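Some notes on the structure that comes next.
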Amino acid sequence: EGNPYTWWVGKANEKHYYWGGSGPGIQKCACGIERNCTDPKYYCNCDADYKQWRKDSGMLSYKEHLPVSQVVVGDLDRPGSEAKVSVGPVRCQGDRNYWNAASFVTSSSYLHFSTFQGETSADISFYFKTSASDGVFLENLGNTDFIKLELKSATEVSFSFDVGNGPVEIVVRSPNPLNDDQWHRVSAERNVKQASLQVDQLPLEVRKAPTEGHTRLELYSQLYVGAAGGQRGFLGCIRSLRMNGVTLDLEERAKVTPGVKPGCSGHCTSYGMYCANGGKCVEKYNGYSCDCSRTAYDGPFCIKDVGAFFEEGMWLRYNFHSPGTTVKDLVSRTLLSSADPEITAPDLSLNKEELSFSFSTTKAPCVLFYVSSYTPDFMAVLVNPTGNLQIRYNLGGTKEPYNIDIDHRNMANGQPHTVNVTRNGRDIVLQLDHYPPTSYSLPATSDIQFNSPKALFLGKVIEIGKIDQDIYKYNTPGFTGCLSRVQFNQIAPLKAALRPTNASSHVHIQGELVESNCGASPLTIPPMSAATDPWHLDSVSLLFTTFNSLFTASADFPYNGQAIGDGVNRNSAIIGGVIAVVIFTILCTLVFLIRYMFRHKGTYHTNEAKGAESAESADAAIMNNDPNFTETIDESKKEWLI
């Protein structure tokens, strides 16, 4: 049907179907371009399907697609069918001036050069990339004459000048944003006959010069690259700036200019690793940010869990496609695929899945995660009645679903647990918490395609048609607990429900979804047994012997996620209250004893003047008693302060 069996993957994980000696968009090899293939009916020698070895080779030179990260070779299932692939090294060559670049990190940054000599002819070209919506690229002034190039808006580049006949402006408008942080080429030219401006491969804009008037561009100021005259300067990178055939050395000038950096490596080169959990580093000109939109996380570095608490009977459904959407629309959205956009439509299939989430619950059994389809195929993650985890696949080809039972760990113990499931064809890798990954394999008779995925469920399965009997039983009363950081391939259903995104319209919720951080990271080690746990009831029974007369029922500590009865909760509360009262009493007694033992006593003795009762004032009393004003305070007077 014309679909290639073989392709290679380049930058940005894009598939390419052209080969060495050919070009982008052409599904041919070099022999197909030169029309000398082994079989003229085909465009590659290897397509001839001869018994003898045939070879296609050549250089892949379209650098926007390089480097080659993967080669996928199909059609090898037939007897005697073989393929050999080799990929040579990447070689870079060219003029160093082509990559002479500078980064402008503030809107007031600029470089200055000597006056541009372009009286009768000006030829200017350069490349730029930015995420800012406007800014001046360069400007040179005269008394009244000037020449200027600027980014007027996210889609407009302007070339303006004045040679004495009044300002002239030429604008090129792009149908796509130019502030997409990709390289764009600007070429401006002015002579005595006309002026022109071109951006990338957009149509050339031309303005004829007047037949009469001034023709010489007379400039006197320095040439400013970036901000000039208080205007908002360019934020981003400029490289390969050529003016009348001379390349300006932006890098050398940037080394001695504040606010401008040589080269254009960006912040993501140094700090991109801080965007965790699949977050994408986005370049900013005074830093960087992390795009978490395609992850199940939030926050500045994509490390904040997005989770929610599910009450009994609550469920969430995520539809992989909305009613009324076409297959073409679905393919363009790449909802399910981590690499292949073709697997989102109802009539297409999954060959691999990547699932990760965290949960905590004390109720079993329950349905944690379920993916339905338009066929009997399904995938489920369950907690069985004993609290053990079960992964269940039904892809056809077998009488019963394929189950992976983790029967040696109780997952319904109220602690947070992390589940990671990866399937690629027949191979399944499961990792729980921080334990080592375990590998499994689907039976030889099982299909390996998940046909026509339909919807994703969390907490409960509400689906039309026949449902697996065990899942139907586990559906009642439903999951109670916390789910967080749920991600299935590129879908984050909880985040879509709790954060307004483009995928929010695919979500349907039954009940009130309450956001929660769902506790901390999963346990590194399993809970201690009763024999080794120093805080188990048997180990601390002596502590409560004094209070045995207060209780009529014995108290047992819950262990390993077992249900706690109302009586046990009541007894535990009584024990806690009694302990609190005893501790409070002991503290009060200690405070009283300390105060009593360290109490200080003191006396304050004074000799009052005789005749004080009849004196008019205190001074008069002293003078009446002792005309010589001798000190009346006895030397034995003592004073203590508490």
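Assorted remarks:
- Formal net charge of residues neighbouring D468 (Cβ-Cβ distance under 10 Å; K, R +1; D, E -1): +1
- Surface share of carbon and sulfur [accessible, 1.4 angstrom probe, percent] for segment 5-114: 49 percent
- FRET efficiency, Y374 to M597 (Cβ-Cβ, R0 60 Å, nearest 0.05): 0.10
- Cα point-scatterer Debye curve for segment 1-92, base-10 log of I(q)/I(0) at q = 0.12, 0.17, 0.19 Å⁻¹: -0.37, -0.75, -0.94
- Packing-based order for 167-176, 148-157, using average beta carbon neighbours within 10 Å, highest first: 148-157, 167-176
- Heavy-atom SASA rank of C46, C237 (probe 1.4 Å, accessible area, largest first): C46, C237
- Averaging Cα coordinates gives a centre for segment 477-492 and one for segment 113-167; these two points are 55 Å apart.
- Once the C-beta distance of W53 and N165 is scaled by a Förster radius of 45 Å, the resulting FRET efficiency is 0.05 to the nearest 0.05.
- Rounded if a/c under 1.5, otherwise prolate or oblate - segment 74-199, Cα gyration tensor axes: prolate
- In this rough spin-label picture, where each label sits 7 Å from Cα along the Cβ direction, the A276-D180 distance is 3.3 nm.
- Accessible surface of segment 389-467, 1.4 Å probe, proportion on carbon and sulfur as whole %: 49 percent
- Here the simple spin-label model places points 7 Å from the Cα toward Cβ, and for L204 and H112 these points are separated by 3.6 nm.
- Measuring r between the beta carbons of V90 and R242 and using R0 = 35 Å, the FRET efficiency lands at 0.85.
- Neighbourhood charge, 9 Å Cβ-Cβ cut-off, centred on A48 and excluding it, Lys, Arg +1 and Asp, Glu -1: -1
- For V367, neighbours were defined as the other residues whose beta-carbon sits under 12 Å from its Cβ, and their charges (Lys and Arg +1, Asp and Glu -1) total +1.
- The spacing between segment 1-36 and segment 353-396, judged by their C-alpha centroids, is 41 Å.
The values are calculated or read from the model by the stated rules, or taken from the named source; none is laboratory data. Small disclaimer: the values here were computed from a predicted structure and weren't measured. For neighbour counting, all protein chains shown are included, and Cβ atoms are generated from backbone atoms with ideal geometry for every residue, glycine included. With ligands, DNA and RNA removed, areas are computed over all heavy atoms of the protein, side chains included. Shrake-Rupley method; radii C 1.70, N 1.55, O 1.52, S 1.80 Å.
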